[in-house]
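Here's the structure, in structure tokens; my notes come after.
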Amino acid sequence: MLDSNFLAKNWPDVRPKLLARGASEEALDKFTTLLLMRRQAITFAETKLSEINDLNQIIAQRKRSGLNADDLLAKAADLKANVDEFRRLATSADKQFFDARAVLPNLTRPEVPDGTSEADNLTVKTWGEKTAFDFEAKPHWELGEALGILDLERAAKLSGARFAVYMGAGARLERALVSFMLDLHTQKHGYTEVLPPFMVNSKSLFGTGNLPKFGEDLFRCAEILPEGDIVLKMISDAFEGSSEKVEDYGRFSDHWLIPTAEVPVTNLYRDEILDEARLPICLTAYTPCFRAEAGAAGKDTRGIIRQHQFQKVEMVKFTRPEDSDAEHEKLTRNAEEILETLGLPYRRVLLCTGDTGFSSAKTFDLEVWLPGQQLYREISSCSNFESFQARRANIRYRTAGAKGKPEFVHTLNGSGLAVGRTWLAIVENYQQADGSVLIPEALRPYMGGLERITRQGAQ
């Protein structure tokens, strides 16, 4: 969330920057009105309070002189009523002002390029040569099915579209990647491993900027009301193709499935004041991630690029403001090292203003080369949120011996990496002419020494 005093002082300059970030004219017009209302209400209340104080002094003088002050007392009472009314209006404006601020995106850094879409992103680094073969490369969904390590048809039977079942060596490869990533981050890069809950409350999602703006992209849990044969009725209706939803039978709880480990890990220190000596705090976590993909209808329908459930290893940092740029670069390099160790060609892209995420001030995307599809795809986003999330989650730090107010930390996070996309990148980049897939050397100890996935090896 952006600082209210900063917005009030700099609104004419900030407004066009927010428009460039995708904020709507309607939202900004509403914010402008609320800013004016709030300022007027506060100014009026303060002016009338000053008048009351002046009157009180005159009233006191009259009383000391034995003079009647009833007229001034009546005037002071009227002024107090006005003050109380404008305080009420100011409080209401404050609440609306807070709600309006909650849907404004973060401001991007000056070095972030202007643009409206991914076409305007800037490639700042390329590593490795694009994998080329002397045979026609296949996409991961064909290779996975042929090897018997990826079953999308049965996953659809179990859960619907955008789910996957990994089998045999495919399941082990996923598990190997998680262990490999966590070991590298904890043993070499100094992160502390965290295993957080996979469900969080609304306040946690607000803290990271997922709520209220992106509620449709999340899965919310519901409590079934224990009345009659409700569960049986739900099952019956499901078979009959009823349009009724679970909320017709139950009520929503304040639990949401996490879209990323960033949410619970960032909120570990919500409403806390950290000692400066502890910073930077570097945490890493493996979790499943759950996303409704509400705006992804018709996109990436083949394979496992875009799933409702996928696994990810996340990196989260809490830093002093003056250290966040350097820590952002370190975090991005930590993600890149995973790709380099696995021998996967990639590029680093600096996202433009229109493609940078809601909460981020600056984001690098790492995009891995997929020879089976002949394109680069995002495999990690590494972001510096500056104080945006910390202000929403009230995460602060205090310098040792400091007497002033605590300051907000800067938060950073990055995928280190998206496990499913790393899985498919290995399958596509390490495919062989006979349809088998070589295991990168760094992963072989995690695969029990397995060097190659074949049809027999997958069973």
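Loop-located GluC sites (Glu not before Pro) in the range 53-118 (DSSP state other than H, G, I, E, B) with a sparse environment of at most 14 neighbouring Cβ atoms within 10 Å: 111. Here the spin labels are modelled as points 7 Å beyond Cα on the Cα-Cβ line, and at residue 438 and residue 61 they lie 9.5 nm apart. Restricting the range 39-135 to chymotrypsin sites (Phe, Trp or Tyr not before Pro) that sit in a DSSP loop and have at most 13 other Cβ atoms within 10 Å of their own Cβ leaves 133, 135.
Solvent-free Debye calculation, one equal scatterer per alpha-carbon of the range 66-160: log10 I(q)/I(0) at 0.22 Å⁻¹ equals -1.12. For residue 311, the residues 5 or more places off, or on other chains, whose built amide H falls under 5 Å of its own are 289, 419, 420.
For the chain, build the charge dipole from Cβ charges (+1 Lys, Arg; -1 Asp, Glu) around the Cα centre, then report which of 341, 103, 32 sits farthest towards its positive end. With unit charges placed on the Cβ atoms, the residue in question is 32. Within the chain, the whole DSSP H helices whose Cα atoms reach 30 Å or more along their own axis and whose mean Kyte-Doolittle score is at least -1.0 are 25-64, 70-102.
Per the helix-only calculation at 222 nm, which mean residue ellipticity applies to the chain, given -39500 (n - 2.57) for every DSSP H run of n ≥ 4 and division by its residues, nearest 500 deg cm²/dmol? One gets -13000 deg cm²/dmol as the mean residue ellipticity at 222 nm. Considering only alpha-carbon pairs that sit under 8 angstrom and 6 or more positions apart, the relative contact order computed for the chain is 21 percent.
Given a Förster distance of 45 Å, report the FRET efficiency between residue 326 and residue 85 from their Cβ-Cβ distance, rounded to the nearest 0.05. Once the sixth-power term is evaluated, E becomes 0.30. Positive contributions from Lys and Arg (+1) and negative ones from Asp and Glu (-1), summed over other residues with Cβ under 11 Å from the Cβ of residue 142, come out at -1. Counting only protein heavy atoms and a 1.4 Å probe, the range 123-200 has 57 square angstrom of accessible area per residue. Using 7 Å Cα-to-Cβ label points, what is the residue 254/residue 43 separation (nm, one decimal)? About 3.8 nm separates the two model spin labels. Measuring r between the beta carbons of residue 403 and residue 50 and using R0 = 25 Å, the FRET efficiency lands at 0.25. For residue 211, the residues 5 or more places off, or on other chains, whose built amide H falls under 5 Å of its own are 206. A Förster distance of 22 Å, applied to the separation of the beta-carbon atoms of residue 394 and residue 103, puts the FRET efficiency at 0.75. In this entry, the range 140-179 is assigned a mean projected area of 2.9 nm², taken as a quarter of its C-alpha convex hull surface. Since only 385, 375, 395 are under comparison, the one whose Cα sits farthest along the positive direction of the charge dipole of the range 360-407, derived from C-beta charges on Lys, Arg, Asp and Glu, is 395.
A Cα-only calculation for the range 319-439 places Rg and Dmax at 18.2, 69 Å. Between amide H atoms placed 1.01 Å from N, distances below 5 Å from residue 126 occur with 348, all of them 5 or more places distant or on a separate chain.
Set against the labelled values (i) 108, 59, 40; (ii) 86, 55, 45; (iii) 107, 52, 39, Cα extents along the principal axes in Å computed from this structure falls on (i).
Here the chain has 50 percent of its accessible surface on carbon and sulfur atoms, given a 1.4 Å probe and all protein chains in place.
Modelled spin labels at residue 274 and residue 222, positioned 7 Å past Cα toward Cβ, are 3.9 nm from each other.
The values are calculated or read from the model by the stated rules, or taken from the named source; none is laboratory data. Bear in mind that the values here come from a model prediction, so they are computed numbers and not experimental data. For neighbour counting, all protein chains shown are included, and Cβ atoms are generated from backbone atoms with ideal geometry for every residue, glycine included. Side chains included, ligands, DNA and RNA excluded: accessible areas come from the protein's heavy atoms. Shrake-Rupley method; radii C 1.70, N 1.55, O 1.52, S 1.80 Å.
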